Structure formats: C-alpha cells, structure tokens
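*Asks:* Dropping a structure here in structure tokens format, bear with me for questions.
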Amino acid sequence: MRPAAHAHPAPPPAGADDFVIRVEGLEKTYASGFKALETVDLAIRRGEIFALLGENGAGKSTLIGAICGLVRPSGGRILVDGHDAVADYRAVRAKIGLVPQELHVDSFERVMDTVAFSRGLFGKPRDPAFIEGILRELSLWEKRNDKIIALSGGMKRRLLIAKALAHEPTILFLDEPSAGVDVELRREMWQMVHRLRARGVTIILTTHYIEEAEEMADRVGVINKGEILLVEEKTTLMRKLGRRELTLHLREPLAALPDGVAGPALTLAEDGRSLTYVFDSQSEDTGIAGLLRSLAEAGIEVRDLATSESSLEEIFVSLVRGRPQ
Ligand SMILES: Nc1ncnc2c1ncn2[C@@H]1O[C@H](COP(=O)(O)OP(=O)(O)OP(=O)(O)O)[C@@H](O)[C@H]1O
C-alpha cells in the first residue's frame, strides 16, 4: 500500500521541468530481506535546497544512493532531468555531484591531481582554471600540492566537496555535511551552498542536525523507517506545526491553579512562579485574552510575559516520535 499523501507537491503539467528529480514508487529491499525503503514518492525542484531529515537508519543514504545510481531499486523508478537512474546511469551520474561523509581516495595522491582526476572520470575536458577556481573557493589552493594524507580532517572534507564539484554537476548531494565538522567550516559550507544555489545548482542534503535544515533549506522532507512522512516548505512547516507558548511570570507564587483558570493548555511551574500556556498560532482565537481576563478575575497578577515558538527540532521530534510503532 502506498503511504498516505502528505503534502507532496502536485505533479506539474506535462512538459514542465520544474522538478529536476522525480522519485516514483521507489522501494528497496536489501539482499538480507530488510526493507529499507517503503513506497517513496518525492519530487525535487530545480534550483532548490532540499533537506532530508531523518534519524540514523531512517533510509537517507539508501534513498540518495538509489538516486545516484549506487543502490539498485527493488521497485519504482527515478528520473533525473528526464533520465532513468537505472537504465541511463551514466547520464545521471554526470549531472550529480555526491559529497559522501568519508574520504575514500588514495591518501598519497596530491590534492590538485585528485580533483582533476575526478573531473576526467566524467569525460570532461581538462580545465585547470576551473579546478583552480574550485580549490580557491574551498581554501584548498595553498594545499594543492600537498598529499591527502597530510591534510587535516576539515581540509579532507573540503577536498570531498572539490571532487564532487569537479565535473560541474547541476545537482549536488551532501550526505551529513556537518558531521564532525567545526563551526567555522560549517559556516563556510553553508555559504558555499548558497553560492552554488545562486548559480542554479540544486542541492539536497541529508542531516539529522536540525539546525542545518533550519538554516539552509527551502524545503524539508522527513523520512522515518523508509517512509517519507512529509515534504513541506520550511517556513510553512514551522508555521503550521509550530506550537507557540506563552509564559506568564506571576507577581506572587501560587500553590495551585484556581478552578476558574485551570485548563489542559495551562500548566503551573513547580515553583509556582510562572504559568505556561500552549496555543495554536494559526487559530482565530488563541484564548489569550480570555486567559488574562480569568487570571485578573481570580486576583492573580502577572508581572511579565513572553512567547516562544517551537523550533524545527521540536517539530521533527514530535513528528517522528509521535508515529505509531
Ligand atoms: N547493504 C545493506 N544490507 C542490509 N541492510 C542495509 C544495507 N544498507 C543499509 N541497510 C539498512 O537499511 C536501513 C537504512 O539505512 P540507511 O543507511 O539508508 O539509513 P540512513 O538514514 O542513511 O542512516 P545514517 O544516518 O545512520 O547514515 C538501516 O536499517 C540499515 O541497517
């Protein structure tokens, strides 16, 4: 059975090419018999930054591997810019740059050579000026003649990105780009991703680091146990699912909530000094006016109040944890 349609984008009219990747009814069962992907439908827009969020083992790498032609699907199909990812594997790989989590290259090779070699693998003509541009952009130019073995962990990450960009892909996959990366490199990577997007490159990143999705993505997809739970504009997601909280700091501590004030959305802090009220920011009537009135009627004086919005992290956790097992 197909999973219920969760906010998937509507299919575009025939001939329209605003979706650069289309995944239709994709299934993957590994040789062990383990079903890593249920029926996955996903469409990625040309030029967007899409974050695929999921916990360890959710199926992110399997899904990316299938799109890149590295994992053979058990069912369904994948089109990348109109090319079938299985039948037309070479055309698909030429369009895609993949930044894996770890480096699998000969450690004694030199930086510049390995990046130029990556370009050659895709049959692209030599272009030293282009390679120089990439190395400079990633602060690797000074290290161009260094052996990979001599690079720091952060430099190796930069090299992985340089190698992925060497053949001028129009789609870039970043698998957990922030894993094991320091704050400075993370910032630099985010800036680079935005520059690439400005040049028209479509970017798909997997992460379980929510701040990354919150900071970068145009759209977010949540995957759990091989199933896409939802795909949504990041801002819409945060607005729709975000609960807001109002904290009321009381002038005098309360031992308990009086009957006329108590309700399921209201909790009294353990120390009795503040009240927390949860409300739906989309609702016409948030109930705040009524709450303040009943507090006043009960003689409870409010010293100060503050609101907060739930973060993408809270939304994600409630989505994934809230699913029936
Ligand atoms: N070759 C394989 N054979 C059998 N099972 C596999 C294979 N590769 C992955 N799996 C299983 O498929 C599930 C999804 O794995 P996948 O690597 O796609 O998850 P992920 O979301 O990328 O996780 P992580 O964040 O840990 O990288 C996991 O339960 C994993 O153990």
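The values are calculated or read from the model by the stated rules, or taken from the named source; none is laboratory data. Computed from a prediction, not measured in an experiment: that's the story for all the values here. Positions of Cβ are backbone-derived with ideal geometry, glycine not excepted, and every protein chain shown enters the neighbour counts.
*Asks:* Give me a count of the residues in segment 50-61 that are within 14 Å of the ligand (Cβ to nearest atom) and crowded, with 18+ Cβ neighbours inside 10 Å. Before the answer, list the steps.
*Replies:* Keep residues of segment 50-61 that are within 14 Å of the ligand (Cβ to nearest atom), which gives 51-61.
Filter again for crowded, with 18+ Cβ neighbours inside 10 Å, leaving 51-54, 58-61.
Residues meeting the conditions: 8.
*Asks:* Taking the stated definitions as given, is ARG77 basic (Lys, Arg), surrounded by 14 or more Cβ atoms within 10 Å (Cβ to Cβ) and modelled with pLDDT of 95 or more?
*Replies:* yes
*Asks:* Filter segment 174-187 down to residues that are closer than 11 Å to GLY154 by Cα and of a type in the set (D, E, K, R) and give me whichever is nearest to the ligand (Cβ to nearest atom).
*Replies:* Residue satisfying both the conditions and the ranking: ARG186.
Listed here are the residues, each with its yes/no results for (1) under 30 Å from GLU38 (Cα atoms); (2) without any contact (Cβ under 8 Å) to a residue 40 or more places away in the chain.
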{"residue": "VAL201", "(1), (2)": "yes, no"}
{"residue": "THR206", "(1), (2)": "yes, no"}
{"residue": "ASP218", "(1), (2)": "yes, no"}
{"residue": "ILE228", "(1), (2)": "yes, no"}
{"residue": "ALA256", "(1), (2)": "no, yes"}
{"residue": "LEU275", "(1), (2)": "no, yes"}
{"residue": "LEU292", "(1), (2)": "no, yes"}
{"residue": "ARG303", "(1), (2)": "no, no"}
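*Asks:* I've got another one for you. Return yes or no: is LEU140 surrounded by 19 or more Cβ atoms within 10 Å (Cβ to Cβ) and closer than 27 Å to ALA91 by Cβ?
*Replies:* For LEU140, the condition - surrounded by 19 or more Cβ atoms within 10 Å (Cβ to Cβ) and closer than 27 Å to ALA91 by Cβ - is not met.
*Asks:* State all residues of segment 62-77 that are within 15 Å of the ligand (Cβ to nearest atom) and either farther than 17 Å from ALA94 by Cβ or not in a loop (DSSP other than H, G, I, E, B) (or both); if no residue qualifies, say none.
*Replies:* Within segment 62-77, THR62, LEU63, ILE64, GLY65, ALA66, ILE67, VAL71, ARG72, PRO73, SER74 qualify.
Every residue, every condition in (1) out of contact with any Ser or Thr (no Cβ under 9 Å at 6 or more places or on another chain); (2) modelled with pLDDT under 85; (3) surrounded by 12 or more Cβ atoms within 10 Å (Cβ to Cβ); (4) of a type in the set (Asp, Glu), yes or no:
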| position | (1), (2), (3), (4) |
| --- | --- |
| THR267 | no, no, yes, no |
| ASP271 | yes, no, no, yes |
| THR276 | no, no, yes, no |
| ARG293 | yes, no, no, no |
| GLY299 | yes, no, no, no |
| VAL302 | yes, no, yes, no |
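*Asks:* Select, from ILE148, ILE223, ILE171, the only residue that is more than 16 Å from the ligand (Cβ to nearest atom), buried (at least 18 other Cβ atoms within 10 Å of the Cβ), under 19 Å from the mean Cα position of the chain (by Cα) and among the hydrophobic types (A, V, I, L, M, F, W, C).
*Replies:* Only one candidate qualifies: ILE171.
*Asks:* Return a yes/no flag: does segment 190-204 have any residue that is within 16 Å of the ligand (Cβ to nearest atom), out of contact with any Pro (no Cβ under 7 Å at 6 or more places or on another chain) and closer than 17 Å to GLY47 by Cβ.
*Replies:* yes
*Asks:* So, one more: Is it true that GLY47 is within 11 Å of the ligand (Cβ to nearest atom), assigned to a loop (DSSP other than H, G, I, E, B) and on the phi > 0 side of the Ramachandran plot?
*Replies:* no
*Asks:* Is it the case that segment 184-204 has a residue that's under 11 Å from the mean Cα position of the chain (by Cα) and assigned to a strand (DSSP E or B)?
*Replies:* There is at least one residue in segment 184-204 that is under 11 Å from the mean Cα position of the chain (by Cα) and assigned to a strand (DSSP E or B).
*Asks:* Does LYS35 satisfy the condition of being out of contact with any His (no Cβ under 8 Å at 6 or more places or on another chain) and crowded, with 21+ Cβ neighbours inside 10 Å?
*Replies:* no
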